[in-house]
Structures are given as C-alpha cells and as structure tokens.
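*Asks:* Can you read through this structure? Questions will come right after.
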Amino acid sequence: MYILGIETSCDETSAAVLDDELRIISNVVLSQDEIHAPYGGVVPELASRQHIVSIGYVVDESLRRAELSIQDIDVYAVTQGPGLIGSLLVGLSFAKGLAFYFEKPLIPVDHLEAHIHSVFLENKKIPFPCLALLVSGGHTSLFFLEEKFQNQLVGKTRDDAAGEALDKIAKYLDLGYPGGPIIDKMAEKGNSQKFDFALPHMTDQSLDFSFSGLKTAALRKIKEGRITRSHPLFIDFLASFENAVIRALLANTDRATKHFKPRSLILCGGVARNKKLRRDFEDMARKNRLPSFIPSLDLCTDNAAMVAALAVEKIHDLGEMSLSLDLNAYPRL
Ligand code: KG4
Ligand code: ZN
C-alpha cells in the first residue's frame, strides 16, 4: 500500500510517498523562504498563492522520485490544521480532488500531532507515557501522551512561539529570514553567559510558556547597548538570547517531567533543529534518567512525510479509512 501525504499549513509546500511499513519512499519539500525573506516573516496571502503555484509540481515530483504513478497511490493524507487558513485550504482542496477523482480514502491529519509522530517514523519503540515538547515558528506546546493517540495539551505559549521570537530578533538585527537557523549558526562560538536574561515566570504555576518578555528584554538591550553586527559582543548577545529561549523551554519541560513522570521525552518541530537545544534537551533527559527522542533534521521542519506517517498509523491502529468531501480546514487548535 502506498500513501501520498500533502502538507501546506504554513510556508512549505510538501508531498511525500510512504509505504504501509512507514518507509519514506520520497519526501519533497519546497520552501517559500525566498518569497517571505524581504518581509522578515510569513505573509499569509503570498504563502497561499505560492502553494497554488507549487502544489501540482511538488506532488508530481514526489511521485517521480518514488518511481510511481498517481494510479499506484492507495490512500491520500493531508494536513487539516492548525495553520494559515488560506494555505491549508490549498493542500486540502488538492487532496480532496485527487481522492475524489481516483476514488481513494482521504485521511485528515492534525499538524501538531504529525510533528510528534515524526519521531515515531524513526523510532518504533518509544516507551509510554511520554512527554513531547513541540517547538516551531507557530507553536510552542507541551503534550502528555498516555498512549500514542491520547495526547493532552498541558502547556502552550501565551504569546509568541519560540521560533517566532528567534525570527523577530534576527529580523530586528537584519540577519535574514528565517532567523532561527541563522542565530543557531552565529551563536555557536559566542559566550552565552555574557548577557543576563531573566526567565519568564508564570505566577499561576501553569506549564504555559511566554516569549514576549524575553523578546522585549532583548530589544531593550539592543537599543541601550547599540548592538549591531559590528559590536564586539554581538555573537555573545546572540548566544545569550538563544540560551535564554532554550532555558525557558527546558525549565517548563523539566517541571512537567517531574509532575507527569513520563517514561520518555520527545523534542520536535522546526526549532528542534537547533544544535544547542538538541544537546541541552538530551542532557535534561539524562538528568531525569529518561530516554529522549528527537527527529533527524529533515523531519523537524514542516514536511509531508510526517503527515503520511500519522495517516499510516491511524490506518493500522484506529482502522481509519474513508473519504469525506465535507472535511474542512481549521486554523487554530
Ligand atoms: O516547524 P516549522 O518548519 O514551521 C512551523 O510549523 O512553524 O518551524 C519553523 C521555525 C522557524 O521559526 C525557524 O526559525 C525555526 O523553526 N528553526 C530554527 C532552526 N531551524 C529552523 N530555530 C533555531 N535553530 C534552528 N537551527
Ligand atoms: Zn510545523
């Protein structure tokens, strides 16, 4: 059985073919970074228009690389939400059209659940219950999974997502877009203790995150210290800010670990590509004597392989197989 997955929730147009043993036959990701770079962030209207331009080509390319034709596809899977509504609708409408025409099932997939399941693609034996930290440009959330399909949202950001905070500071400093990977690279040799950032603190004991305070503190330091690329402590500043974001992420994850007592920890989402976050997350897991699972780099950022993977698991574990043309996209959780 072959599954074709389609992902268009934000600014990546992606299509992937998997077999029913979760093997990735092809995974094509067409990034729109160049289109959004001049604006320093994703422009929703431009994103949806570009998905319309790219989707046919990307699906064709995923089949070409898999050496299959569209008639070989047995099941379609597509991201239903959350995400940018216009972008989601392009992928959803395209997938509905294919499933309807070829009379095949269409499995709708939740984008956040798919990010978590990107880990199951590479690791078949993850001990449950587990705690998953999902960090991307649009989301920063903690999920507690009693079982594979029982996920409970136990913490989320109350303002910016962690990736968004990194992207915004990079934009302010004119470093380019997306800022997360640029800061990751530039901060490598910096001293992360040089600038002091106070961590956000929730007064109500919740496991929610907040990054707007850190972002405001960073902007204040930039203005007061006249920090630009040519400042002698520029690299140290980036390293300190990156470190503050990571400490905020891990402080909550550590608290949640002590509270929920999971048997394993998962890190996923675009920001999970960050080298220091990967290292520090593994350290934190070791200190809690828990195994940790992080997807390989290509599966962290938005991609259709994770969408198809979740669909395969839904078929196997939940027996889900149908085609409903009433499916609609949902922008938020
Ligand atoms: O998961 P993703 O592709 O899209 C969303 O669902 O948001 O994540 C994109 C985010 C961006 O904010 C980008 O700056 C961040 O992931 N990112 C990184 C790195 N690579 C991507 N952040 C820090 N370090 C990286 N190496
Ligand atoms: Zn994502």
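*Asks:* Calculate the length of the line joining the C-alpha centroid of region 86-113 to that of region 189-243, in whole Å.
*Replies:* Computed from Cα coordinates, the inter-centre distance equals 41 Å.
*Asks:* Another question, then. Just the ratio, please: alpha-carbon radius of gyration of region 1-133 over 2.2 N^0.38 Å, N its number of residues.
*Replies:* Values: Rg = 15.1 Å, N = 133, 2.2 N^0.38 = 14.1 Å.
Compactness ratio reported: 1.07.
*Asks:* Taking a 29 Å limit on the Cα-Cα distance, which of the listed pairs 96/148; 125/194; 185/223; 185/215 fall beyond it? List each step's numbers first, then the result.
*Replies:* On the way: 96/148 27 Å; 125/194 41 Å; 185/223 23 Å; 185/215 19 Å.
Listed pairs above 29 Å: 125/194.
*Asks:* Kirkwood Rh, region 68-120, all Cα pairs: how many Å? Intermediate results must be reported in sequence, preceding the final value.
*Replies:* Numbers: mean 1/r = 0.0841 Å⁻¹.
Computed over Cα pairs of region 68-120, the Kirkwood hydrodynamic radius comes out at 11.9 Å.
*Asks:* From the phi of every residue in region 202-208, what ³J(HN,Hα) in whole Hz does the Karplus formula 6.51 cos²θ - 1.76 cosθ + 1.60 yield, where θ is phi - 60° and glycine or proline is x?
*Replies:* Using θ = phi - 60°, the values come out as 7, 6, 9, 6, 6, 9, 6 Hz.
*Asks:* Separate question: Taking the radius of gyration and the Kirkwood hydrodynamic radius from Cα positions alone, what is the Rg/Rh ratio for region 136-198, to two decimal places?
*Replies:* Values: Rg = 15.3 Å, Rh = 13.8 Å.
Here Rg/Rh amounts to 1.11.
*Asks:* For residue 223 and residue 53, what is the calculated FRET efficiency with R₀ set at 41 Å and r taken between the beta-carbons, to the nearest 0.05? Show your work: numbers first, answer last.
*Replies:* Details: r = 40 Å, r/R0 = 0.97.
The pair residue 223/residue 53 has a calculated efficiency of 0.55.
*Asks:* While we're on this one: With a 1.4 Å probe and every protein chain left in place, work out the accessible area per residue of the chain in Å², rounded to a whole number.
*Replies:* Numbers: 14950 Å² over 333 residues.
Using a 1.4 Å probe on heavy atoms only, each residue of the chain averages 45 Å².
*Asks:* If you average 1/r over all unlike Cα pairs in region 1-74 and invert the result, what Kirkwood radius do you get in angstrom? Display every interim value, and only then the final one.
*Replies:* Values: mean 1/r = 0.0775 Å⁻¹.
With all distinct Cα pairs of region 1-74 included, I get 12.9 Å.
*Asks:* If one takes the longest principal axis of the Cα atoms in the chain, at what angle in degrees, from 0 to 90 and to the nearest 10, does the Cα axis of helix 162-172 lie?
*Replies:* Long axis of 162-172 versus the principal axis of the chain: about 60 degrees.
*Asks:* Continuing with the same structure: Just to confirm a number: summing +1 for Lys and Arg and -1 for Asp and Glu over residues other than residue 1 whose beta-carbon lies under 12 angstrom from that of residue 1, what do you get? Walk me through the numbers on the way to the answer.
*Replies:* Working: positive: 23, 104; negative: 19, 20, 21, 72, 74.
Computed value for this residue: -3.
*Asks:* May I pose another question? Obtain the radius of gyration and the Kirkwood radius of region 194-234 from its C-alpha atoms and give Rg over Rh. Write out the running numbers ahead of the final one.
*Replies:* Details: Rg = 13.2 Å, Rh = 11.9 Å.
Expressed as Rg/Rh, it is 1.11.
*Asks:* A further question follows. Is region 79-151 best put as rounded, prolate or oblate by its Cα gyration tensor, with a ≥ b ≥ c the root eigenvalues, rounded for a/c under 1.5, and otherwise prolate when a/b is larger than b/c, oblate when not?
*Replies:* oblate
*Asks:* What is the list of residues in region 134-166 whose amide nitrogen lies under 19 Å from a point 7 angstrom out from the Cα of residue 216, following Cα to Cβ?
*Replies:* 157-166
*Asks:* By how many degrees, 0 to 90 and rounded to 10, does the Cα axis of helix 212-224 deviate from the longest principal axis of the chain?
*Replies:* Taking the Cα atoms of the chain, the angle to 212-224 is about 50 degrees.
*Asks:* On the protein heavy atoms, probe 1.4 angstrom, tell me the percent of accessible surface of the chain carried by carbon and sulfur. Provide the component values of the computation, followed by the final result.
*Replies:* Numbers: 7540 of 14950 Å².
Reported share for carbon and sulfur atoms: 50 percent.
*Asks:* So how far, in whole Å, is the C-alpha centre of region 143-165 from the one of region 253-317?
*Replies:* That distance is 11 Å.
*Asks:* Once every DSSP H run of n ≥ 4 in the chain is given -39500 (n - 2.57) and the sum is divided by its residues, what mean residue ellipticity at 222 nm do you get, rounded to the nearest 500 deg cm²/dmol? Numbers along the way, then the final one.
*Replies:* Values: 11 runs with 143 residues, N = 333.
Result for the chain, helices only: -13500 deg cm²/dmol.
*Asks:* Compute the acute angle (0 to 90°) between the alpha-carbon long axis of helix 275-287 and the principal axis of greatest extent of the alpha-carbon atoms of the chain; round to the nearest 10°.
*Replies:* Roughly 90 degrees, rounded to the nearest 10.
*Asks:* Provide the descending list of Cα extents for the chain along its principal axes, expressed in whole angstroms.
*Replies:* Principal axes ranked by extent give 62, 45, 33 Å for the Cα atoms.
*Asks:* On average, how much area does the Cα convex hull of region 278-333 cover when viewed from any direction, in nm²? Before the final figure, lay out the partial values.
*Replies:* Details: hull surface 25.5 nm².
Value for region 278-333: 6.4 nm².
*Asks:* At q = 0.11, 0.16, 0.20, 0.22 Å⁻¹, work out log10 I(q)/I(0) for region 106-210 with the Debye formula, treating every Cα as an identical point scatterer and leaving solvent out; two decimals please.
*Replies:* Debye curve over Cα of region 106-210, log10 I(q)/I(0) at q = 0.11, 0.16, 0.20, 0.22 Å⁻¹: -0.48, -0.91, -1.14, -1.21.
*Asks:* Taking a ≥ b ≥ c as the square roots of the Cα gyration tensor eigenvalues, with a/c under 1.5 meaning rounded and otherwise prolate when a/b beats b/c, else oblate, which class fits region 170-278?
*Replies:* Values: a/c = 2.34, a/b = 1.64, b/c = 1.42.
Verdict is prolate for region 170-278.
*Asks:* Let a ≥ b ≥ c be the square roots of the eigenvalues of the Cα gyration tensor of region 231-333; is it rounded (a/c under 1.5), or, if not, prolate (a/b larger than b/c) or oblate?
*Replies:* On the way: a/c = 2.55, a/b = 1.67, b/c = 1.52.
Since a/c reaches 1.5 and a/b is larger than b/c, the shape of region 231-333 is classed as prolate.
*Asks:* Here's a follow-up. What percent does the relative contact order of the chain come to when contacts are Cα pairs within less than 8 Å and at least six residues apart?
*Replies:* Worked out over the chain, it gives 25 percent.
The values are calculated or read from the model by the stated rules, or taken from the named source; none is laboratory data. Given the structure is predicted, the values throughout are model-derived calculations rather than measurements. Cβ: placed from backbone, ideal geometry, glycine included. Neighbour counts: every protein chain shown. We work out accessible area using only protein heavy atoms, side chains counted, and drop any ligands, DNA or RNA first. Shrake-Rupley method; radii C 1.70, N 1.55, O 1.52, S 1.80 Å.
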